[in-house]
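Encoded as structure tokens, the structure appears first; notes follow it.
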Amino acid sequence: MQETISKYPIEAIRKRFPILQRKVKGKDLVYFDNAATTQKPVEVIEALNRYYSYYNANIHRGLHTLADEATAAFEETRHAVQQFIGAKLPEEIIFTKGTTESINLVAKSWGGAFLQKDDEIIISSLEHHANIVPWQMIAEEKGAKLRIIPINDDGVLDMQAYESLLNEKTRIVSIVHASNALGVINPVAEIIQLAHANNALVLVDAAQSSVHLELDVQSMDCDFLVFSGHKVYGPTGTGILYGKKELLERMPPYQGGGEMIKEVTFEKTTFNELPFKFEAGTPNIADFIALKEGIAFIQDIGKAAIHQHETTLLEYATQQLLTFEGLKIRGNISNKVSVVSFTIDGIHPQDLAILLDNQGIAVRTGHHCAQPLMNRLGIVGTTRASFAAYNTLSEIDQFTNALSKAIKMLG
Ligand SMILES: Cc1ncc(COP(=O)(O)O)c(C=O)c1O
């Protein structure tokens, strides 16, 4: 297949990702595991190198040049994230280890302070374990209940069922924006509006959507939004928790230690202001500094242009995959991010992944940390190909050729 996406600077983009030059098992790497983590542009890698080679220092409390430079660079990322998601204030951006820690922080801190016996928490059948387990833990601790929005066989939320789950006991709705396992996009604006009309808060898990969709927390009006830096072309170990200031101010600290205090005596500690109240200890300075470059990469190409490119890839891959006998795409709807998840009759996803890896193709197989979703669909797992800004149509051809060979070998 010829590249048909005009004007999109695919060659220039690919040159920015050194890893795309490598071979796997003697073949050109085709990296289709982007929903797990994206590759990093050279600007991110260089930012890490520059920090450690030139101005490595601890931040916020030093009175020397290196500490000032590191603090300024670290705080620049907070402003970049604020702008990236349209938050009103920089102190509404809390730095964490990742989406998982951000959700745990809200469940522990907000849930610990405000949830009471018999209160209800709504999640959906599409959730990643990171948006199930923290809520289960706090629900058990507080005697609260977890309520689940059902889906249809294509992974689309049953909005009528959602409406009927909302009631005066509902305190929070914690919902994934785009499913990591299927790619399906949830109608978060409507979900938020209905929750607010019912006096419930909403947390949006934007781990998958942050890289693909325009996000504006103010117009969305979510109360919390979480995502991971490593899925937006940034380093691992960086996560974001956005929260409305008035909510974050009312929440107790998540962890105690340095940075998060104003004054400590053995009798009493007063806590620092936002965002530092939630950032105990030395943070992941280097990786947060480099995260700014991951976001800058997206902004440089433009989310709309990337989205258009990824949609072309998704449509082409979908069309090609549907020609395979016995192949079923799970969540085969149009309102999706660039994830295609499928099963093939009589073939275990794991066997397929090994044979694809032998041909240089990196895809993900299994339950994708969404076991309740797999149970709902009645499958053990899927094979998932997920596309990013640097993928090409000819890589999809390589992938489908490799898939044909693998199926013949397993058949
Ligand atoms: C929808 C969703 N939520 C939560 C997570 C957890 O993210 P992390 O492992 O970066 O904390 C992921 C990761 O794949 C995800 O896709």
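So if each residue of separation counts as 0.36 nm, and I subtract the Cα-Cα distance between residue 408 and residue 394, what length gain in nm does that give?
Working: separation 14, 0.36 × 14 = 5.04 nm, distance 2.13 nm.
Extra length available between residue 408 and residue 394 comes to 2.9 nm.
How high is the relative contact order of the chain? Use alpha-carbon pairs under 8 Å, at least six apart in sequence, and give a whole percent.
Details: 788 pairs, mean separation 95.0, N = 411.
This gives 23 percent for the chain.
Less than 14 Å Cβ to Cβ from residue 44, Lys/Arg counted +1 and Asp/Glu -1: what total charge do the surrounding residues give?
Net charge in that neighbourhood comes out at 0.
Quick one: with all protein chains in place, what share of the accessible area of the stretch 188-329 is carbon or sulfur, to the nearest percent (1.4 Å probe)?
Carbon and sulfur: 48 percent of the exposed surface of the stretch 188-329.
Could you calculate, for the chain, the ratio of the Cα radius of gyration to the Kirkwood radius, expressed as Rg to Rh?
Here Rg/Rh amounts to 0.98.
Using the heavy atoms of the protein chains and a 1.4 angstrom probe, tell me the accessible area per residue for the stretch 92-182 in square angstrom.
It amounts to 37 Å² per residue over the stretch 92-182.
Taking θ = phi - 60°, what integer Hz values does the Karplus form 6.51 cos²θ - 1.76 cosθ + 1.60 yield along the stretch 231-248, in sequence order, with x for Gly and Pro?
9, 10, 6, x, x, 5, x, 10, x, 10, 10, 9, x, 5, 3, 5, 6, 4
What's the ranking of 222-235, 285-298 by average number of surrounding C-beta atoms within 10 Å, highest first?
On the way: 222-235: 26.7, 285-298: 24.0.
By packing density, highest mean first, the sequence is 222-235, 285-298.
Let me know the Rg and Dmax you get for the stretch 318-411 when you use only its Cα atoms, in Å.
Radius of gyration, then largest Cα-Cα span, for the stretch 318-411: 12.7, 35 Å.
Taking amide H positions as placed in the peptide plane 1.01 Å from N, state which residues far from residue 330 in sequence (5 or more) or on other chains have amide H under 5 Å from it.
Residues meeting the amide H criterion: 341, 342, 343.
Calculate the dipole size of the stretch 96-195 relative to its Cα centre from +1 charges on Lys and Arg beta carbons and -1 charges on Asp and Glu beta carbons; express the result in debye to the nearest 20.
Values: 8 positive and 13 negative charges, 84 e Å.
In debye, rounded to 20, the stretch 96-195 gives about 400.
Helix-only mean residue ellipticity at 222 nm, the chain, DSSP H runs n ≥ 4 weighted -39,500 (n - 2.57), per residue, nearest 500. What is it?
-11000 deg cm²/dmol
Using only the heavy atoms of the protein chains and a 1.4 Å probe, how would 380, 44 rank by accessible area, largest first?
Per-residue accessible area, sorted high to low, gives 380, 44.
Which of the helices in the chain meet the span-like rule: DSSP H, Cα axial reach of 18 Å or more, Kyte-Doolittle mean at least -1.0?
Qualifying helices: 65-85, 285-301, 303-321, 393-410.
Which residues in the stretch 195-217 have a backbone N closer than 16 Å to a point placed 7 Å from the Cα of residue 335 along the Cα-to-Cβ line?
What the label zone holds, given the 16 Å backbone N cut-off, is 195, 209, 213-214.
Quick one: in the stretch 128-205, what % of C-alpha pairs are over 21 Å apart?
Counting pairs separated by more than 21 Å, the tail of P(r) holds 25 percent.
Each residue of the stretch 358-372 in order: what ³J(HN,Hα) in whole Hz does its phi give by Karplus 6.51 cos²θ - 1.76 cosθ + 1.60, θ = phi - 60°, with x for Gly and Pro?
So the Karplus estimates, Gly and Pro as x, are 4, 10, x, 9, 9, 10, 10, 10, x, 8, 6, 6, 9, 4, x Hz.
Can you pull the percent of the stretch 28-67's accessible area that's carbon plus sulfur, 1.4 Å probe, other chains left in place?
In the stretch 28-67, the share of accessible area belonging to carbon and sulfur is 56 percent.
Packing-wise, with mean Cβ within 10 Å as the measure, how do 153-159, 179-185, 84-90 rank, highest first?
Answer by packing, highest mean first, reads 179-185, 84-90, 153-159.
Would you please give the residues with an amide H less than 5 Å from that of residue 201, counting only those at least 5 places away or on a separate chain, with H modeled from the backbone geometry?
Long-range HN contacts for residue 201: 172, 173.
Can you pull the Kirkwood radius for the stretch 1-127, inverse mean 1/r over Cα pairs, to one decimal in Å?
Details: mean 1/r = 0.0515 Å⁻¹.
Hydrodynamic radius (Kirkwood, Cα only) of the stretch 1-127 equals 19.4 Å.
Quick check for me: using +1 on Lys/Arg Cβ and -1 on Asp/Glu Cβ, what's the dipole size of the stretch 311-411 about its Cα centre, in debye to the nearest 20? Write out the running numbers ahead of the final one.
Numbers: 8 positive and 7 negative charges, 57 e Å.
With Lys and Arg at +1 and Asp and Glu at -1, about 280 debye.
Just to be sure I understand the model, the point goes 7 Å from the Cα along the line to the Cβ. What's the resulting residue 375 to residue 117 distance in nm?
So the label points at residue 375 and residue 117 sit 2.7 nm apart.
Over the stretch 197-270, what relative contact order in percent results from Cα pairs under 8 Å that are six or more residues apart?
Normalised by residue count, the contact order of the stretch 197-270 is 21 percent.
Past the 14 angstrom mark, what percentage of all C-alpha to C-alpha distances in the stretch 365-407 do you count? Show your work: numbers first, answer last.
Numbers: 548 of 903 pairs.
Here the long-distance tail beyond 14 Å is 61 percent of all Cα pairs in the stretch 365-407.
Is the C-alpha gyration tensor of the stretch 243-309 telling us rounded, prolate or oblate? Criteria: a/c under 1.5 is rounded; beyond that, a/b larger than b/c is prolate, otherwise oblate. Walk me through the numbers on the way to the answer.
On the way: a/c = 5.03, a/b = 2.37, b/c = 2.12.
Prolate is the answer for the stretch 243-309, as a/c is 1.5 or above and a/b outweighs b/c.
Looking at the stretch 131-278 only, what percent of DSSP beta bridges run antiparallel? Nearest 5 please.
Among the beta bridges of the stretch 131-278, antiparallel pairing accounts for roughly 55 percent.
Under unit Cβ charges (Lys, Arg +1; Asp, Glu -1), what dipole magnitude, rounded to 20 debye, does the chain have relative to its Cα centre?
The dipole magnitude comes to about 800 debye.
Over 18 Å between Cα atoms: which of 23/303; 336/408; 231/292; 142/268; 7/231; 97/117 fall into that group?
In this structure, 23/303; 336/408; 142/268; 7/231; 97/117 exceed 18 Å between Cα atoms.
Can you grab the distance from the C-alpha centre of the stretch 155-201 to the C-alpha centre of the stretch 67-110, Å, no decimals?
Distance between centres, Cα-based: 24 Å.
Can you give the net charge of the other residues whose Cβ lies under 15 Å from the Cβ of residue 210, counting K and R as +1 and D and E as -1?
For residues surrounding residue 210, the net value is -1.
Give, as a single signed number, the net charge of other residues whose beta carbon lies under 11 Å from the beta carbon of residue 353, with Lys and Arg counted +1 and Asp and Glu -1. Walk me through the intermediate numbers first.
On the way: positive: 364, 384; negative: 33, 351, 357.
Combined, the nearby Lys, Arg, Asp and Glu give -1.
Can you find, among 377, 208, 112, the residue sitting farthest towards the positive end of the charge dipole of the chain, where Lys and Arg contribute +1 and Asp and Glu -1 at Cβ?
Result: 377.
Counting only DSSP beta bridges with both residues in the chain, what percent are antiparallel, rounded to the nearest 5?
In the chain, DSSP labels about 60 percent of beta bridges as antiparallel.
Label the stretch 182-230 by shape, choosing from rounded, prolate and oblate, from the square roots a ≥ b ≥ c of the eigenvalues of the Cα gyration tensor; if a/c is under 1.5 it is rounded, and otherwise prolate applies when a/b is larger than b/c, oblate when it is not.
Prolate shape, in that a/c is at least 1.5 and a/b is the bigger ratio.
The values are calculated or read from the model by the stated rules, or taken from the named source; none is laboratory data. In this text the structure is predicted, and so the values were computed from the model without any measurement. Neighbour counts run over all protein chains shown; Cβ positions are idealised from the backbone, glycine included. Just the protein is used for accessible areas: all its heavy atoms, side chains included, with ligands, DNA and RNA removed. Shrake-Rupley method; radii C 1.70, N 1.55, O 1.52, S 1.80 Å.
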